[in-house]
Amino acid sequence: MKPDVKAVLEAGPRSAVHRTRVGVVGSGYVGLTTGVCLAWLGHDVVCADIDVDRVETLRAGRVPFVEAGLAEMLTVVAGVGRIRFEVGAAAAAEASDIVFIAVPTPQDDDGSADLAYVRAAARQIAPVLKSGAIVVNKSTVPVGSARDVAGVIAREDIVVVSNPEFLREGNAVVDFLSPDRVVVGADDRGAAERVLALYHGIETETLITDPVSSETIKYAANGFLAMKISFVNAVAAMCEAVGADVADVVRGVGLDHRIGSAFLNPGPGWGGSCFPKDSRALVKIAEDHGYDFSMMRGVIEVNDQQRRRMVHKVRSALGRSDSHDLSGVRVGVLGLTFKAGTDDLRESPSVAMIDSLRQLGAEIRAHDPTVSNPLDDVRARVLGGISIAATAIEAAADADVVVIATEWPEYRELDLDAMAAAMVGSAIVDTRNLLDPETVRSHGLSYDGVGRR
Ligand code: UDX
């Protein structure tokens, strides 16, 4: 069992046996979590970013995104001088023994991960790295990237290793400090051991392998997890067709220890910054090496299908299965982020569903605990054209149908009387199976979930 973040904070920061000077290039979700957690373990960390505003925000002790526990930990480690923030990659590298590259690897048009930022970071740190320093690829990078980065750095005295992250947004701190495993891929055993030593004090399985295998582990792990969710979503569709109940089916299947029940919650399809990008990259990497990973293509296809199925559910709930015209229809959407516990809208199934419904002419009013007016520029680009409500009930006001799109705990406790009174229609589509169907129906509302009898 992993501890919760409260227990991590209560236990307090540790002191490192092998105190190391660490640089982290890129202070986003992965880089900042890595930097703060390594400082928490007792190392001396310099985090860098090219975004001057972000660096200022971090220097002021604020975390620019939602991640449980991270801000509190930052306050502690910054307070004891174990972490500082600098603009530009070179500052993170100059005095460091180990330098993590944790910059974005956005998706290219052909599905592959774009290495441009990783290579740019490598070019900037190359001239200032101390002799004997180790460079660590933490970003999820295409197979072969450790060698690619070593080629960019082009110094005999520098080793490049792979050390993939397995951090869930919203649980990143706990996943970093209590991981299921730490994987290091290196051609040089000594370098791998020096990187592993950073994690000293964490009780977990460790695996040293070559860089290519390490990079493949990351893609295969995320591919497998995406496959589990697509599988259960396909089973949920089956359940609807044959009249079975997915919760009972998952329980009955998951009790087999070879299968287990973790990560088998049906929903509106997987999203976020990793699964969509990594699954497509996995197909592309395999293709580039002459293998057609047809199973992974199927996993992606089921996910696309699942998103379309959610839109179909909304149309059915409105009695418009045969119509593609939803003009004049008002949809209240509860939840915008790709899952609960994060403010991340990237590849959110909720946003995809909203786009489809708007294309059909529907009007959307949405609520999310992490989204409020006025929207910043990034959010306005994603959410422009929909109205943002301050509460779930306000999002339901005058709605013909209400869709629960993200599993925020507060939506389990909805005031269904107030909801029914606020709506003009009476349909609830629960894409996360949060509510009890009978309770919803007892309030005069109709209910449709995912794979439920
Ligand atoms: C994921 C991996 O879990 C992490 O190890 C990796 O390094 C980064 O990608 P994250 O993207 O934060 O983490 O989200 P995760 O909690 O894994 O969920 C991914 C998506 O799957 C979400 O859209 C979520 O709603 C969905 N999901 C997850 C389900 O629909 N059902 C489930 O049972 C689990």
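The values are calculated or read from the model by the stated rules, or taken from the named source; none is laboratory data. Only a predicted model underlies this, so the values are computations on that prediction, with no experimental measurement involved. Cβ placement follows ideal geometry from the backbone for every residue including glycine, while neighbour counts extend to all protein chains displayed. Side chains included, ligands, DNA and RNA excluded: accessible areas come from the protein's heavy atoms. Shrake-Rupley method; radii C 1.70, N 1.55, O 1.52, S 1.80 Å.
Under the Kirkwood approximation for Rh and a Cα-based Rg, what ratio Rg/Rh is obtained for the stretch 210-453?
Numbers: Rg = 18.6 Å, Rh = 18.8 Å.
Here the Rg-to-Rh quotient is 0.99.
In whole Hz and in residue order, list the ³J(HN,Hα) couplings for the stretch 436-453 that follow from phi through the Karplus curve 6.51 cos²θ - 1.76 cosθ + 1.60, θ = phi - 60°; x for Gly and Pro.
Couplings: 8, x, 5, 4, 4, 5, 5, 9, x, 10, 8, 9, 9, x, 10, x, 9, 5 Hz.
If amide hydrogens are placed 1.01 Å from N in the peptide plane, which non-local residues have theirs closer than 5 Å to the one on Val161?
Close amide H contacts, sequence-distant or interchain: Val135, Val136, Asn137.
Using a 1.4 angstrom probe on the protein heavy atoms only, line up Ser372, Ser214 by accessible area, largest first.
These residues rank, largest area first, as Ser372, Ser214.
Of all alpha-carbon pairs in the stretch 363-411, indicate the percentage at a distance above 15 angstrom.
Considering the stretch 363-411, 43 percent of its Cα-Cα pairs are separated by more than 15 Å.
Scan around Thr206 for amide H atoms under 5 Å from its own, H built in the peptide plane at 1.01 Å from N, and keep only partners 5 or more places away or cross-chain.
Val182
Asp417 to Arg453: extension gain in nm, 0.36 nm per residue of separation minus the Cα-Cα distance?
Going from the current span to full extension adds 10.6 nm.
Round to the nearest 10 and report in Å² the accessible area of Thr75, as given by a 1.4 Å probe over the protein chains' heavy atoms.
90
State the percentage of accessible surface on the chain attributable to carbon and sulfur atoms; use a 1.4 Å probe and exclude ligands, DNA and RNA.
Carbon plus sulfur share of accessible area: 52 percent.
How would Ser178, Ser279, Ser327 rank on accessible area, largest to smallest, probe 1.4 Å?
On the way: Ser178 30, Ser279 5, Ser327 65 Å².
Of Ser178, Ser279, Ser327, the descending order of accessible area is Ser327, Ser178, Ser279.
Could you list which residues have their amide H under 5 Å from that of Gly449, counting only those 5 or more apart in sequence or on another chain, with H placed in the peptide plane?
Amide H neighbours of Gly449, under 5 Å, 5+ apart: Asp430.
Nearest 500 deg cm²/dmol is fine: what mean residue ellipticity at 222 nm does the chain get from its DSSP H runs of n ≥ 4 alone, each adding -39,500 (n - 2.57), divided by its residue count?
-12500 deg cm²/dmol
Considering only protein heavy atoms, with the full assembly of protein chains and a 1.4 angstrom probe, order Lys138, Lys2 by accessible area, largest first. The partial results should precede the final answer.
On the way: Lys138 5, Lys2 70 Å².
Ranked list, largest accessible area first: Lys2, Lys138.
Hey, with R₀ at 25 Å, roughly what FRET efficiency would Arg14 and Arg181 work out to, going by the Cβ-Cβ distance, to 0.05?
According to the calculation, E is roughly 0.80.
Report, as a whole number in µm² per second, the diffusion coefficient that Stokes-Einstein gives for the chain at 10 °C and 1.306 mPa s using the Kirkwood radius over alpha carbon pairs.
Answer from the Stokes-Einstein relation: 68 µm²/s.
To the nearest 10 square angstrom, what accessible area does Ile98 show with a 1.4 Å probe?
About 0 Å², rounded to the nearest 10.
Could you give me the ³J(HN,Hα) list for the stretch 121-132, computed from phi with Karplus coefficients 6.51, -1.76, 1.60 and θ = phi - 60°, whole Hz, x at Gly and Pro?
4, 4, 4, 6, 7, 3, x, 9, 4, 5, 4, x
Does the stretch 1-69 come out rounded, prolate or oblate by the C-alpha gyration tensor, with a ≥ b ≥ c the root eigenvalues, rounded set by a/c under 1.5 and, if not, prolate when a/b is larger than b/c and oblate if not?
oblate
Once Rh for the stretch 333-421 is found with the Kirkwood sum over Cα pairs, what is the Stokes-Einstein diffusion coefficient at 10 °C and 1.306 mPa s, in µm²/s?
Answer, rounded: 121 µm²/s.
Given axes a ≥ b ≥ c from the Cα gyration tensor, I'd like to know whether the stretch 155-226 is rounded (a/c under 1.5), prolate (a/b larger than b/c) or oblate.
oblate
Give the lysines reachable from Lys138 as a straight Cα distance under 27 Å; neighbours fewer than 8 places away on the same chain don't count.
Partners found: Lys2, Lys6, Lys130, Lys218, Lys228, Lys277, Lys284, Lys339.
Give me the extension gain from His324 to Gln359: residue separation times 0.36 nm, minus the current Cα-Cα distance, reported in nm with one decimal.
11.7 nm
Under 4 °C and 1.567 mPa s, how fast does the stretch 76-229 diffuse according to Stokes-Einstein, given a Kirkwood radius computed over C-alpha pairs? Answer in µm²/s, whole number.
So the translational diffusion coefficient is about 79 µm²/s.
Compute, for Tyr219, the solvent-accessible surface of its heavy atoms (probe 1.4 Å) with the complete set of protein chains present, and express it in square angstrom to the nearest 10.
0
Any idea of the accessible area per residue across the chain, 1.4 Å probe, to the nearest Å²?
Computed with neighbouring chains in place, this is 44 Å² per residue.
How far, in nm, would the chain grow between Ser442 and Val242 when pulled straight, counting 0.36 nm per residue and subtracting the alpha carbon separation?
Result for the pair: 69.5 nm of gain on full extension.
Provide the per-residue ³J(HN,Hα) series for the stretch 37-45, in order, calculated from phi with Karplus coefficients 6.51, -1.76, 1.60 and θ = phi - 60°, each as a whole number of Hz, with x at glycine and proline positions.
Running phi through 6.51 cos²θ - 1.76 cosθ + 1.60 with θ = phi - 60° gives 5, 5, 5, 4, 7, x, 8, 9, 10 Hz.
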